[in-house]
Amino acid sequence: MSTGKVTPISGFLEFLPAERLVEQHFLDVIRRTFELHGFASIETRAVEPVERLAGKGGDVDKEIYGITRLGRHADDATESELGLHFDLTVPFARYVVENAGKLAFPFKRYQIQKVWRGERPQEGRYREFTQCDIDVVDVGSLASHFEAELPLVIADAFAQLPIGPFVIQVNNRKIPQGFYEGIGLTDIAGTLRVVDKLDKVGAATVARLLEEAGATPDQAQACLDLAAIKSTDLSFVDEVRALGFSNPTLDEGLAELAAVITAGMAHAPGVLVADLKIARGLDYYTGTVYETQLVGYESWGSFCSGGRYDALASDGRTTYPGVGISIGLSRLLGLLIGKGLVTASRSTPACVLVAVISEDSRPRSLAVATALRRNGIPCDVAPSAAKFGKQIRYAERRGIPYVWFPADEPTGDLSDPADAAPAQDSVKDIRSGEQTPADAETWRPPAGDLAVMIRRN
């Protein structure tokens, strides 16, 4: 083991115990919600062939971490070039193709894993982070109603988490594609990537970039006019029509987005927002696309995104279209915890510290702890038979609300009530100072103390 100075590595998030309890709570809620909606859990390997990861659009190609054995010989051609997956969609597509004969379609999966991306570390962006994904895939074709159902799953999960108000921004790639075709643009993918930068660089820069790519000033302005349309109801359809351009692809996209917003109005009013500037930079999206922001913290950008893809998963004969959405959990928590917006009520799951009167009586304390744990009460046993005041301070530093004093023969300084052993079991709420007789077989704390409480500050 090295004894030198430890140098932190940027871009790799590590939480302290109380922060980890926040993360675990989020994971538990997300996992439970995914399962309540019928999604089955899978886990894929961390590596994929580099050629599979590369070429998926956006800037991800240059962010892939390659992986090789340190002892690999230069002339060893038997090993493929491998890279750590930068998201969970690409390995999931491979998983579907490899296991198609064993899966029941439409296949609904959730996946919660680490991913790695070699980008410049900054606030809310990491080189290693946790994603929580759901996808639905089918054989040959996928019913469009799934595009409306997936954001409702996310809305359900986030409504149970202490993140404050949020909006899920929804668009359909067919709308800008049809619109751009209608105004005479030909580089649809390039235009989408430029418009997707709107929130980061502003309208003037987007217009300049579009013109540099070959758009006329009128075409660039039309793109900005489309991107400015936003509504929580179906009024966006008329606003697009009012721009005066028509196209079959545009019509199809408007109908599909209207179905998503209609579902949102019924099941998550005000949460799903038709926002026509949302494009998503990855080229494999073909239909509905999603991004999610916290109200009041829009500058943080999106922490949950995804969309419809029709051709990502294919074995050359059969195509498996799908729709998916991914929560960037590390990004969300890094910002929430980093800004002090979400905290845990204590740094340990234990809600009771069982005091130790003397080391000879430690078995008695362990027996009490066993009885409490048997009843589902998380507890810890004092690390030493120190004075009771010191044991109480040990609990206070960890946020443990209760200290349990096992019955034993009186010991210590009987003239000092704080140092005298009790004549029978008792439990002390160290917040109020109230101490009452208690039986480890029947005692239970209030529900609010039993589990760690995760609070929005």
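What do you reckon, is GLN424 more than 40 Å from the chain's Cα centre (by Cα), in the same structural domain as ARG364 (by TED's automatic domain parsing) and modelled with pLDDT of 95 or more?
In short, no.
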Since THR186 meets every condition but one in (1) assigned to a loop (DSSP other than H, G, I, E, B); (2) assigned by TED's automatic domain parsing to the domain that holds ALA54, which condition does it not meet?
(2)
Members of region 81-91 that are in a helix (DSSP H, G or I) and more than 17 Å from the chain's Cα centre (by Cα):
VAL90, PRO91
Could you tell me which residue of region 92-130 is nearest to VAL29 (Cα to Cα), considering only residues that are among the aliphatic types (A, V, I, L, M) and under 15 Å from the mean Cα position of the chain (by Cα)?
ILE112
Being more than 14 Å from the chain's Cα centre (by Cα), over 30 Å from GLU396 (Cβ atoms) and surrounded by fewer than 24 Cβ atoms within 10 Å (Cβ to Cβ) narrows it down to one residue among TYR284, TYR320; which is it?
TYR284
Within region 425-453, which residues are of a type in the set (A, V, I, L, M) and in contact with a Phe, Trp or Tyr (Cβ under 8 Å, 6 or more places away or on another chain)?
VAL427, ILE430, ALA438, ALA440
Give me a count of the residues in region 103-133 that are assigned to a loop (DSSP other than H, G, I, E, B), touching a Phe, Trp or Tyr at 6+ places or on another chain (Cβ under 6 Å) and among the acidic types (Asp, Glu).
0
Hey, could you check region 35-55 for residues that are in contact with a strand residue (DSSP E or B) (Cβ under 7 Å, 6 or more places away or on another chain) and of a type in the set (D, E, K, R) and say which is modelled with the highest pLDDT?
GLU43
Which of the residues that make up region 257-276 are closer than 19 Å to VAL195 by Cβ and surrounded by 22 or more Cβ atoms within 10 Å (Cβ to Cβ)?
LEU257, ALA274, ASP275, LEU276
Scan region 185-199 and tell me whether some residue there is closer than 19 Å to PHE146 by Cα, touching a Cys at 6+ places or on another chain (Cβ under 8 Å) and in contact (Cβ under 8 Å) with a residue 40 or more places away in the chain.
no
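Here is a check on your reading of the model: is GLY202 loosely packed, with under 15 Cβ neighbours inside 10 Å and either out of contact with any Gly (no Cβ under 7 Å at 6 or more places or on another chain) or at pLDDT below 95 (or both)?
On the way: loosely packed, with under 15 Cβ neighbours inside 10 Å: yes; either out of contact with any Gly (no Cβ under 7 Å at 6 or more places or on another chain) or at pLDDT below 95 (or both): yes.
In short, yes.
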Let me spell it out: the conditions are (1) surrounded by fewer than 14 Cβ atoms within 10 Å (Cβ to Cβ); (2) touching a residue at least 12 places away in the same chain (Cβ under 8 Å); (3) closer than 30 Å to PRO269 by Cβ, and ALA242 meets all of them except one. Which number is the exception?
(2)
Taking interchain pairs and intrachain pairs at least six residues apart, which have beta carbon atoms under 9 angstrom, with the first residue in region 47-75 and among the polar types (S, T, N, Q) and the second modelled with pLDDT under 80 and part of a loop (DSSP other than H, G, I, E, B)?
THR68/GLU79
Specify the residue that is nearest to GLU128 (Cα to Cα); the eligible residues are those in region 303-317 that are more than 11 Å from the chain's Cα centre (by Cα) and of a type in the set (Ser, Thr, Tyr).
TYR309
When region 294-304 is checked residue by residue, the ones that are surrounded by 22 or more Cβ atoms within 10 Å (Cβ to Cβ) and assigned to a strand (DSSP E or B) are CYS304
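The values are calculated or read from the model by the stated rules, or taken from the named source; none is laboratory data. Model, not experiment: these values are computed from the prediction. Cβ atoms come from the backbone with ideal geometry, glycine included; neighbour counts cover every protein chain shown.
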